[in-house]
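First up is the structure itself, then whatever we jot down about it.
Computed from the coordinates by the stated procedures, all read-outs in this text should not be read as laboratory data. Given the structure is predicted, the values throughout are model-derived calculations rather than measurements. Using ideal geometry, Cβ is built from the backbone for each residue, glycine included, and neighbour counts are taken over all protein chains shown.
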Amino acid sequence: MATATLNPYIRFLQGQEALSVLAGTAGRLDSLARSIGRGRMAAPPAPGKWSPRDILCHLADCEIAFGFRLRQTLAEDNHSVQPFEQEKWAAPYKSFLADQALTTFAALRMWNLALIEASLPAHAGKAVTHPERGAMTFSTIVETMAGHDLNHLAQLERIAAVS
């Protein structure tokens, strides 16, 4: 199990199985998007916060980044992953549609989940380095993905709960 230092999202897992979370996220996102509705998709819940559309776009972008990290970890020895500035990546989100983000996320997640399932448990301990978090493993990336999902699902659930 990853430590909070290596995985700041581990606290969101609260004992849940990472693969189960990863497998269920796309469906939960779709359901939450329907609950929120098109009319509220571009409205941030508070000043300076991301809108539901922005969160969905961020998740699609992160699925690209996580997928690349997973593949580099498997393919390269002693690899160092590249962090990214999420606010800079978010700059064009106002031009994107939430439906596009959902479709992109779901397709990428299905592809990444196939890789993860094919790679575990044999490569669970494959080492990789994050410049800000230090040494971690393939499993740490998987757990980070799941915790990251849960963090953003909770944000969307709070938005959906407000009528």
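General remarks:
- Filtered by the rule that a residue be closer than 23 Å to Ala122 by Cβ and either in contact with a helix residue (DSSP H, G or I) (Cβ under 7 Å, 6 or more places away or on another chain) or buried (at least 19 other Cβ atoms within 10 Å of the Cβ) (or both), region 41-70 gives Glu63, Phe66, Gly67, Arg69, Leu70.
- The residues of region 78-103 that are part of a loop (DSSP other than H, G, I, E, B) and either without any contact (Cβ under 8 Å) to a residue 24 or more places away in the chain or under 17 Å from the mean Cα position of the chain (by Cα) (or both), listed by number, are Val81, Gln82, Pro83, Phe84, Glu85, Ala90, Ala91, Pro92.
- Evaluation of Asn112 against (1) within 26 Å of Ala33 (Cα to Cα); (2) without any contact (Cβ under 8 Å) to a residue 24 or more places away in the chain (one fails), failing number: (2)
- Selection count, region 104-163, where residues are assigned to a helix (DSSP H, G or I), surrounded by fewer than 13 Cβ atoms within 10 Å (Cβ to Cβ) and charged (D, E, K, R): 2
- Considering (1) surrounded by 14 or more Cβ atoms within 10 Å (Cβ to Cβ); (2) among the hydrophobic types (A, V, I, L, M, F, W, C); (3) without any contact (Cβ under 8 Å) to a residue 12 or more places away in the chain, the lone condition that Ala26 does not fulfil carries the number (3).
- Count of region 71-103 residues, restricted to those that are surrounded by 13 or more Cβ atoms within 10 Å (Cβ to Cβ) and either farther than 13 Å from Cys57 by Cα or not hydrophobic (A, V, I, L, M, F, W, C) (or both), is 10.
- Candidate set: region 39-73, residues that are of a type in the set (D, E, K, R) and part of a helix (DSSP H, G or I); chosen: the one farthest from Leu22 (Cα to Cα): Arg40
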